[in-house]
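Q: Please see the structure below; I have some questions.
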Amino acid sequence: MPRCRLPSSCCSIIFGTIEPDLQQRLATYLRETQAEDGGWPLFYGSKLDLSASVTAYFTLKAAGDPADAPHMERARMAILARGGARRASVFVRFHGARFRSCQWK
C-alpha cells in the first residue's frame, strides 16, 4: 500500500496547535515535496490531489509563507486550474470556511 504523502500534522499548523520547530520542519517538507505541476499528490507516485494541494497551500500560508512566493503562486495556479478550493473535499471546504478562506454553501 502506498505511503501517504501529506502529513496529518498539517491540520495542527492550521489550527495553531503545533510546536514552532515542528511547524518549520513540516513547512520545509511541504516545500520540498511540491510537484512540478505546483500541487501535491495524496500518495507517492500519484497525480495532483486537489484536496491535498489546498490543505498544503493553507498549511504553508498558516506557517507564514507569503502568497506571492514562487512556490505559493505555482500552487495557487495548480489549484485554480482544477476549479479552486470550492471543488476540494467537504473536510477541506469546512475548515476553509471556518477561517474565512472560502465560502460555505
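Laboratory data are not the source of any read-out in this text; all were calculated from the coordinates shown. Because the structure is a prediction, the values reported are computed rather than measured.
Q: Between F43 and residues 5 or more places away or on another chain, which pairs have amide H atoms under 5 Å apart, with H built 1.01 Å from N, and which residues are they?
A: Correct list: R5.
Q: Roughly what % of Cα-Cα distances in the stretch 10-98 sit above 17 Å, to the whole percent? Numbers along the way, then the final one.
A: Details: 1729 of 3916 pairs.
It works out to 44 percent of all Cα pairs.
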